[in-house]
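Taking it in order: structure first as structure tokens, then the write-up.
The values are calculated or read from the model by the stated rules, or taken from the named source; none is laboratory data. This one's a predicted model, so the numbers in the text were calculated from it and none came from an experiment. Note: ideal-geometry Cβ built from the backbone for every residue, glycine included; neighbour counts use all protein chains shown. Remember, those area values only see protein heavy atoms, side chains included, never the ligands or the DNA or RNA. Shrake-Rupley method; radii C 1.70, N 1.55, O 1.52, S 1.80 Å.
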Amino acid sequence: MFGLERMRALHAVATHGTVAAAATALHVTPSGVSQQLAKLEREAGQRLLEPHGRTVRLTTAGHVLAGHAAAILARVEQARSDLELLREDVTGPLRVGAIPTTVHALLPPVLATLRAQHPGLDVTLHEGEAEETLPLVVDGRLDVAVLESWEHRPTTVPPSTSRTTLLSDVADLALPAGHRLAHRKVVDLAEVDDLPWIAWSAGSSCHDWLTHVLRQEGVGTRVSCTVGSYPTQLALVAGNVGVAAIPRLGRDSVPEGVRFVATRPALNRTIYAVNRAEDDDRGAIRACVDALTAAASRFHHLA
């Protein structure tokens, strides 16, 4: 009912005694304060000020409303302080979602850093692909998602989110050591036509990305195994079951019997941290993204 600026003008007059002094305190002109008070009187339907010599004084209604104005302005200031504290204080729940390769390579040092530097944080981690975690960030069920975006099939990030680039990565072709192309440094994807592919589960973004690239290159998309784990995919390659596209971030341990070959076209991806744009100033979000960026810096040699 009553405008906040008009209540602020009445509170200033009650506190400082005159319109001129109130104007000085509010850094506005006396006529500006008088205009606000006139509007407030119309909203209240009662006289709030009355002449008193060369100046004015509050009426009984003015004193009553000024008391409410003081309480309202105090609550507004408390709300502002609480929000500011939320920005700076790195405490409370922090819900993170991440794709499997980053859960393995990035999140252990990130979680250790957050635990050591911000013991007031309560961090939970959910492993999932972008198609799972990104909607959870948008609707507020996750705070940060670490996801991938492949060059040939980019992940669409909603405009309501903020995106931080963590690192660039490349997927190479994993071949059985005895394969006819295993001695090469680079192969065209179209040359790989004698073994089936090992891919992630059908319907996942990784599976859709791989089949999309293979179709673009005119390669048959015969998939013999769908496995949601790069180490398991590598074990299958070592067993001569098929070939796979394995990101460099996802192969810290390579079994005997596997050879890696670069591809034409190169299979590039970017790893991002995504959070709601409205949460950019939250201390917990900043701390998480900073820790992710620091952990990712160790892998800038991959691309």
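Screening the candidates 49, 4, 10 for the property of being surrounded by 13 or more Cβ atoms within 10 Å (Cβ to Cβ), of a type outside the set (Asp, Glu) and touching a residue at least 40 places away in the same chain (Cβ under 8 Å) yields one hit, 10. Look at segment 14-33: where a residue is of a type in the set (Ser, Thr, Tyr) and a partner is open to solvent by 40 Å² or more (accessible area, probe 1.4 Å), sitting 6+ places away or on another chain with Cβ atoms under 7 Å, you get 18/55. Within segment 233-256, one or more residues are open to solvent by 30 Å² or more (accessible area, probe 1.4 Å), modelled with pLDDT under 90 and aliphatic (A, V, I, L, M). Under 9 Å between Cβ atoms, at least 6 apart or on separate chains: pull out the pairs that start in segment 255-271 with a residue that is of a type in the set (A, V, I, L, M, F, W, C) and end on any residue that is open to solvent by 20 Å² or more (accessible area, probe 1.4 Å) and part of a strand (DSSP E or B). Cβ pairs passing all conditions: 261/186; 262/186; 271/165; 271/168. Looking at the structure I just gave you, is residue 281 touching a residue at least 40 places away in the same chain (Cβ under 8 Å), of a type outside the set (Val, Ile, Thr) and either under 19 Å from residue 104 (Cα atoms) or not in a strand (DSSP E or B) (or both)? So residue 281 fits the description; yes.
Going by the structure shown, is residue 22 small (Gly, Ala, Ser), within 14 Å of residue 65 (Cβ to Cβ) and either at pLDDT 85 or above or out of contact with any Lys or Arg (no Cβ under 7 Å at 6 or more places or on another chain) (or both)? It is false that residue 22 is small (Gly, Ala, Ser), within 14 Å of residue 65 (Cβ to Cβ) and either at pLDDT 85 or above or out of contact with any Lys or Arg (no Cβ under 7 Å at 6 or more places or on another chain) (or both).
For segment 250-274, a tally of residues being aliphatic (A, V, I, L, M), assigned to a strand (DSSP E or B) and under 25 Å from residue 146 (Cα atoms) returns 4.
For segment 186-244, the strands (runs of 3 or more DSSP E) that sit wholly inside it and include 1 or more residues that are at negative phi and free of Cβ contacts under 8 Å to residues at least 40 places away in the same chain are 223-226.
Go through segment 264-303 and give me each residue that's β-branched (Val, Ile, Thr), surrounded by 20 or more Cβ atoms within 10 Å (Cβ to Cβ) and closer than 16 Å to residue 171 by Cα.
Taking segment 264-303 and keeping what is β-branched (Val, Ile, Thr), we get 270-271, 274, 285, 289, 293.
Applying the additional criterion that residues be surrounded by 20 or more Cβ atoms within 10 Å (Cβ to Cβ) yields 271, 274, 285, 289.
Of everything in segment 264-303, just one residue is β-branched (Val, Ile, Thr), surrounded by 20 or more Cβ atoms within 10 Å (Cβ to Cβ) and closer than 16 Å to residue 171 by Cα, namely 271.
Which members of segment 34-46 meet the condition of being without any contact (Cβ under 8 Å) to a residue 24 or more places away in the chain and surrounded by fewer than 16 Cβ atoms within 10 Å (Cβ to Cβ)? Answer for segment 34-46, where residues must be without any contact (Cβ under 8 Å) to a residue 24 or more places away in the chain and surrounded by fewer than 16 Cβ atoms within 10 Å (Cβ to Cβ): 35, 38, 42, 45, 46.
Among the residues of segment 74-89, is there at least one that is at pLDDT 90 or above and out of contact with any Gly (no Cβ under 9 Å at 6 or more places or on another chain)?
No: segment 74-89 contains no residue that is at pLDDT 90 or above and out of contact with any Gly (no Cβ under 9 Å at 6 or more places or on another chain).
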